[in-house]
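Let me begin by presenting the structure, written as structure tokens, before commenting on it.
The values are calculated or read from the model by the stated rules, or taken from the named source; none is laboratory data. As the structure is a prediction and not an experimental result, all values here were calculated from the model. Because the Cβ atoms are built from the backbone with ideal geometry, glycine has one as well, and the counts that use them run over all protein chains shown. Ligands, DNA and RNA are stripped out before the accessible areas are found, and what is left, the full protein with its side chains, is counted by its heavy atoms. Shrake-Rupley method; radii C 1.70, N 1.55, O 1.52, S 1.80 Å.
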Amino acid sequence: MLRPFHRRGATFAVLTLCLVWIAMGLTQCTRRIAAPQNIILITLDTTRTDALGVYGNGQAQTPVIDALAGNGHHFTQCYSQAPITLPSHSSILTGLIPPNHGVRNNGNYRLGEVPTLAQALRESGMRTGAFVGSAILLEEFGLGRGFDHYDDEIVHYTESRETGHIVTRRAESVIQRAWSWISDRDQPFFSWIHLYDPHWPYEPPSPFAEAFADNPYLGELAYVDLQLGWLVDQLRRKGLFENTLIVITADHGESFGEHGEQSHGFFCYGATTHVPLILSQPIMGEAGQSFDHLVRSIDIAPTLLRLKGLKPKTALDGLPLWDKSPRESYSEAMIPYENFYCAPVQAYRDQQLSYYKGNAEELYDIAADPHEQNNLIENDPERAARLRDGLAPLLRDTGESDSERQMDPSTVELLRSLGYVHDGGSHIPGTKAPHELPPPKEALPVYRVFQRLNHQGKTYPFKAIEAYTRLETEFPDNVVVQKELGRLLTFAGDRDGALRRLRKAAETRHEDPRLHTLLGLGHAHFGEREEALDEFRLALELDPNHLIARYNAAVLFLEAGRIEPARENFAKVLEAAPEDVYSLNNMAVIALEHDKDPAKAFAWLSRAKEARGNHPLIRKNHQKLAALLGEDKATEARVEESP
């Protein structure tokens, strides 16, 4: 018998000496390269500009990064277009701001059919390869278009649901896999390498953990720098360094308490959008020059295209880095809106001023007030109006995107493992105009607790319950508090306490299908099938495309022996999410145990294995059925019975 998937909730001195030799070796090339043969784009996750030595941090141990900047250029005023990973990388790889490429949040968006940097470079004759360090950049989110090879073999499933899954990998692993691909190229190449290590929780490996015990964040960056040193050394040994332009930037920064924010994602102040930008070769002046004019993440793609003598197929929002004409930078934070029922935050800045539009307005003179502490919105209406008018056209599409997608159960689970708030969707139909919603600062305490407890809740659920209970006293009507506490109490077995919180959340935001789905999951957990189905039906009335509700309704039908509605709903999930391994596995269960068709069941499992073959249950079920069928019949089933 195959096991079905069931309900899925929305769940040192020595070091310095070693590096100095490499760093010294980097200072030999001072020529300008107008058209580099090869390009390596390195995106560091969660890296503040002021965390690197080249930007003035005397405690940082980043000699390789610093030497690359000394060999080429670094830009002191570069801003990203979003303080979270997927939207920011979408901007880096397209040269477009989020409203124009459509990716506004992590997980529930997929980059649409917009031209990418990789596509253009591949069409010019370059080999293209991507190597990422986090499941938030899996190829399924759309960034793989244009890459000959997209290495996202990151997800390693644990046998226990409670312990979560491995959804990230260290810089050493990413860089070694990248080098294996690079070293085998016999023609010009473009390689994008994403390193996730600086992201919270800050847990650098030994000996960096010991050397940076008082600042593990800098320890993570020192470790990354060492790995980059290894890559540079390999490039030099193979004779590739001189003809390879290395671009180093970050998807976003990190807040250490600025404006009350810890980590990133909720606001788009400079702490989380001011990012490093370093080029290993001089492209617009003498080696070692720094440039202080405003540039943006969206300027990277047009710069690389122009360096290769290429023109973009469509208009880009970015400009080449050497274009010093006045420009403005747009950034946005959609997590408050999509996940916390608050106004989004959108920023518009120029060389001197930063303007923020949320529920209220803020204006800062960043030249005189770089930490953005003195709000000038009441004192400087003329300059505020200029930036307000520049931002206004970009506000019209807030909360709307053709790139939004409904998440399947397996994606929700992966995002939960990474610490993101996700319950299978984002935009909430029926809410008032986005900027009329409550100010995001009201939900900031809840966001801080969620970030801290999401990982802890799996290991110490009683601590998370205690923390959310204290938070409930302070914020008794907060929907996120109610749903997270209800979720935790469900798995703690407190039926009355769990359902009371989940019901309150669903009644407070009755138009949100995610909350009815969570309430349905609560009922299902306690064996109340019909009550659960009622909530799933209500969620689907609100949003017929809500895959989490549809999947869980299908599971309940399957458990009740109601095969046809189960089959119908699993099929509808797979129409929208063809690689959802949970639905594929359960279709195999139906085919084997109810249709008595092992060949058809094996075909369903083969699809699941192709999607995520390292999932232990998929692997076991596939092996069981292959043994049952025998090699010849299994091969025949895979070819002829593909559903």
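Remarks
- Checked against (1) buried (at least 24 other Cβ atoms within 10 Å of the Cβ); (2) polar (S, T, N, Q); (3) touching a Cys at 6+ places or on another chain (Cβ under 9 Å), residue 339 passes all but condition (3).
- A Cβ distance below 8 Å, combined with a sequence gap of six or more or placement on separate chains, defines the contacts here; from the stretch 258-275, residues that are under 18 Å from residue 97 (Cβ atoms) and open to solvent by less than 10 Å² (accessible area, probe 1.4 Å) reach residues that are modelled with pLDDT under 95 and among the hydrophobic types (A, V, I, L, M, F, W, C) in the pairs 265/335.
- Test set (1) open to solvent by 20 Å² or more (accessible area, probe 1.4 Å); (2) at pLDDT below 90 - residue 149 fails condition number: (2)
- Within the stretch 515-545, the set of residues being open to solvent by 40 Å² or more (accessible area, probe 1.4 Å) and acidic (Asp, Glu) comprises 530, 531, 534, 541.
- Residue check, residue 512 open to solvent by less than 10 Å² (accessible area, probe 1.4 Å) and among the acidic types (Asp, Glu): yes
- Selection within the stretch 91-109 - crowded, with 24+ Cβ neighbours inside 10 Å, part of a loop (DSSP other than H, G, I, E, B) and among the aliphatic types (A, V, I, L, M): 96, 103
- Meets criteria (of a type outside the set (S, T, N, Q), outside any loop (DSSP other than H, G, I, E, B), within 26 Å of residue 124 (Cα to Cα) and touching a His at 6+ places or on another chain (Cβ under 9 Å)) for residue 283: no
- Subset tally (residues that are hydrophobic (A, V, I, L, M, F, W, C), farther than 30 Å from residue 513 by Cα and open to solvent by less than 10 Å² (accessible area, probe 1.4 Å)) for the stretch 308-336: 1
- Qualifying residue in the stretch 232-242 (condition: among the polar types (S, T, N, Q) and at pLDDT 95 or above): yes
- Top-ranked residue of the stretch 560-613 - restricted to ones that are outside any helix (DSSP H, G or I) and under 22 Å from residue 624 (Cα atoms), ranked as least open to solvent (accessible area, probe 1.4 Å): 580
- Answer residue from the stretch 349-376, given it is closer than 19 Å to residue 50 by Cα and touching a helix residue (DSSP H, G or I) at 6+ places or on another chain (Cβ under 8 Å) and is most open to solvent (accessible area, probe 1.4 Å) among those: 371
Quick grid of which residues meet (1) of a type in the set (D, E, K, R); (2) touching a strand residue (DSSP E or B) at 6+ places or on another chain (Cβ under 7 Å); (3) at pLDDT below 95:
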residue	(1), (2), (3)
551	no, no, yes
557	no, no, no
564	yes, no, no
583	no, no, yes
589	no, no, yes
593	yes, no, yes
610	yes, no, yes
618	no, no, yes
627	no, no, yes
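Listed here are the residues, each with its yes/no results for (1) at pLDDT below 55; (2) out of contact with any Ser or Thr (no Cβ under 7 Å at 6 or more places or on another chain); (3) open to solvent by 10 Å² or more (accessible area, probe 1.4 Å); (4) part of a loop (DSSP other than H, G, I, E, B).
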site: 378; (1), (2), (3), (4): no, yes, yes, yes
site: 391; (1), (2), (3), (4): no, yes, no, no
site: 400; (1), (2), (3), (4): no, yes, yes, yes
site: 431; (1), (2), (3), (4): no, yes, yes, yes
site: 462; (1), (2), (3), (4): no, yes, yes, no
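- Of the residues making up the stretch 323-345, those that are among the charged types (D, E, K, R), over 21 Å from the mean Cα position of the chain (by Cα) and either over 16 Å from residue 82 (Cα atoms) or in a strand (DSSP E or B) (or both) are 323, 324, 327.
- Filtered residues of the stretch 42-83 (kept if open to solvent by less than 10 Å² (accessible area, probe 1.4 Å), over 26 Å from residue 243 (Cβ atoms) and not in a helix (DSSP H, G or I)): 45, 46, 47, 80, 81, 82, 83
- The number of residues in the stretch 170-198 being open to solvent by 20 Å² or more (accessible area, probe 1.4 Å), in contact with a strand residue (DSSP E or B) (Cβ under 8 Å, 6 or more places away or on another chain) and either modelled with pLDDT under 95 or aliphatic (A, V, I, L, M) (or both) comes to 2.
- Flag: residue 252 matches the condition of being modelled with pLDDT of 95 or more, within 21 Å of the chain's Cα centre (by Cα) and part of a loop (DSSP other than H, G, I, E, B).
Rundown of residues vs (1) modelled with pLDDT under 95; (2) touching an Asp or Glu at 6+ places or on another chain (Cβ under 9 Å), yes/no style:
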{"position": "5", "(1), (2)": "yes, no"}
{"position": "14", "(1), (2)": "yes, no"}
{"position": "20", "(1), (2)": "yes, no"}
{"position": "23", "(1), (2)": "yes, yes"}
{"position": "29", "(1), (2)": "yes, yes"}
{"position": "44", "(1), (2)": "no, yes"}
{"position": "47", "(1), (2)": "no, yes"}
{"position": "54", "(1), (2)": "no, yes"}
{"position": "63", "(1), (2)": "no, yes"}
